[in-house]
Amino acid sequence: MTSTEQRLAALRGRVAPRRHNARTIAALTGNPGCTRRAVLDSAGIDKQRIAAHVGYPGRFGQSQFAITRGNAFEARVKENGCAELLDLLRQRLGVPIPEASYDDLAGPPATDIVQPAVDGGNAERHARSMELLVRAATDAGPTSTLFDHPMLRLDVAGRPVYLEPDLIALQIGGRFHVVEIKSFAVIDEQADAAKVAAAATQSAVYVLAMRGMLEQAGLDPEIVSHEVVLVCPRDFANQPTAALIDVRKQLSTLRRQLTRMARVDDLLVGLPADLSFDLAAGADGVPTRSPAELAAALSTVDARYAPECLSACELSYFCRYEARTGTAALGRPVRDALGGIDSVETVLALAAGEIEPDDDQVEAALRLRTAARLRAEAFA
Ligand code: SF4
């Protein structure tokens, strides 16, 4: 174990590390400047449990209804050897796909979060996926190949994370496209923008993982296309429709954030030597650590709360409470407009002319006083 790994293990305490999945890796891009999130995720700390123990449980995860609906739609799309999906791919990719072989690389257990190293089965499945992907890339003939449930691998904070997406990787003429199946509806050719953005980022995780695997095999990673195919139900029926999405932007954000996590040493500098987020439970199953102590430990790591955290991070309710007196809680545009003034109390005092601005605050203070005057006039 390296000293960094030892330090991360000490932060995590006596509980098993929580592994990433595509959703959690994608969420890392939501607030790349937050040290708290980067440190906790690098250490594999269960943020959901931490949030619950300090009294700010988040509401995350899909409902059972959404999971069942998603599974039913995926099964529908893959019926008859993916015949209907192939038709959609022909249309969207604009290339003839005369025939396609189908390889289902799934194997028990079919979970989205997979423990590496300790689970030899997953390592074997990953090796098998790698072998087939490499063979398809190097023996590219006229026949295309559909890979269902390939076991991908990506390094996150220096540790391998195995990902088993519900996706099909399509190889045509030596080029791969990631196909992501989602159950949110496209109505009148419009879909929920936030859901599309989340699907695009998750697909980018798979593109990055596939590129890494091919690169490791000495092949050109760019043969995995930055255009992914998103398949969703159309209108109010279960009829699938497909769209091409360019994920280059998501790829570069992901790379940046993963590189930052790989340099987790820099983030650990300056944290108290005895800092720990240990959630080990006592005989009654409840963590022995007091919530107040745990909250104090959290507060020693810098956070960068923004309202967007509410949909992307398990700690959002805690961080929102902590940031309640800061301008960051009002959103990035407000915080940026007030550049350098962190406290709402200071903002109000400057607006009311109760304190004199320092050199850095003059411009913002002028705007605040103007805004306060206009507000007073409007109310008068
Ligand atoms: S909720 Fe807190 S820990 Fe999570 S990203 Fe936002 S500021 Fe960071």
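See the values below:
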item	result
Restricting region 236-253 to residues that are among the charged types (D, E, K, R) and in a helix (DSSP H, G or I), the residue that is surrounded by the fewest Cβ atoms within 10 Å (Cβ to Cβ)	Arg248
Lone qualifier among Thr138, Thr145 - being open to solvent by 40 Å² or more (accessible area, probe 1.4 Å), modelled with pLDDT under 85 and of a type outside the set (D, E, K, R)	Thr138
Tally, over region 4-28, of residues that are away from the ligand (no atom under 16 Å from the Cβ), open to solvent by less than 30 Å² (accessible area, probe 1.4 Å) and touching a strand residue (DSSP E or B) at 6+ places or on another chain (Cβ under 7 Å)	2
Long-range neighbours under 8 Å by Cβ, at least six apart or interchain, first residue over 22 Å from Leu315 (Cα atoms) within region 265-290, second of a type in the set (D, E, K, R)	none
Residues of region 267-295 satisfying the condition of being open to solvent by 30 Å² or more (accessible area, probe 1.4 Å), out of contact with any helix residue (DSSP H, G or I) (no Cβ under 8 Å at 6 or more places or on another chain) and outside any helix (DSSP H, G or I)	Val269, Gly270, Pro272, Ala273, Asp274, Ala281, Ala283, Asp284, Gly285, Val286, Thr288, Ser290
Subset of region 40-57 (residues that are at pLDDT below 90 and either in a helix (DSSP H, G or I) or in contact with a Ser or Thr (Cβ under 6 Å, 6 or more places away or on another chain) (or both))	Asp41, Ser42
Checklist (1) of a type outside the set (S, T, N, Q); (2) within 15 Å of the ligand (Cβ to nearest atom); (3) under 25 Å from the mean Cα position of the chain (by Cα) applied to Leu279, failing item	(2)
Members of region 29-39 found to be at pLDDT below 85, in a helix (DSSP H, G or I) and near the ligand (Cβ under 9 Å from one of its atoms), listed by number	Gly30
Residue that is nearest to the chain's Cα centre (by Cα) [pool: residues in region 40-53 that are open to solvent by 10 Å² or more (accessible area, probe 1.4 Å) and more than 12 Å from the ligand (Cβ to nearest atom)]	Asp46
Whichever residue in region 309-327 is closer than 26 Å to Lys195 by Cβ and of a type in the set (Gly, Ala, Ser) and, among such residues, is most open to solvent (accessible area, probe 1.4 Å)	Ser311
Members of region 101-118 found to be open to solvent by less than 50 Å² (accessible area, probe 1.4 Å), modelled with pLDDT under 70 and part of a loop (DSSP other than H, G, I, E, B), listed by number	Gly107, Pro116
Looking only at region 254-266, and only at residues there that are assigned to a helix (DSSP H, G or I) and open to solvent by 30 Å² or more (accessible area, probe 1.4 Å), the one that is modelled with the lowest pLDDT	Ala262
Output for region 212-231, where each listed residue is open to solvent by 10 Å² or more (accessible area, probe 1.4 Å) and either at pLDDT 95 or above or within 23 Å of Asp192 (Cβ to Cβ) (or both)	His226, Glu227, Leu230
Considering residues of region 55-100 that are within 30 Å of Ala292 (Cβ to Cβ), in contact (Cβ under 8 Å) with a residue 24 or more places away in the chain and open to solvent by 20 Å² or more (accessible area, probe 1.4 Å) only, the residue nearest to the ligand (Cβ to nearest atom)	Tyr56
Looking only at region 296-308, and only at residues there that are modelled with pLDDT under 90 and in a helix (DSSP H, G or I), the one that is most open to solvent (accessible area, probe 1.4 Å)	Glu308
Subset of region 177-203 (residues that are free of Cβ contacts under 8 Å to residues at least 60 places away in the same chain, part of a helix (DSSP H, G or I) and open to solvent by less than 30 Å² (accessible area, probe 1.4 Å))	Ala199, Ala200, Ser203
Subset of region 328-341 (residues that are more than 14 Å from the ligand (Cβ to nearest atom) and either open to solvent by less than 30 Å² (accessible area, probe 1.4 Å) or of a type in the set (Ser, Thr, Tyr) (or both))	Leu338, Ile341
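The values are calculated or read from the model by the stated rules, or taken from the named source; none is laboratory data. Keep in mind it's a predicted model, so treat the numbers as computed, not measured. So basically every Cβ, Gly included, is an ideal-geometry build from the backbone, and we count neighbours across all protein chains shown. Accessible surface areas use protein heavy atoms only, side chains included; no ligands, DNA or RNA. Shrake-Rupley method; radii C 1.70, N 1.55, O 1.52, S 1.80 Å.
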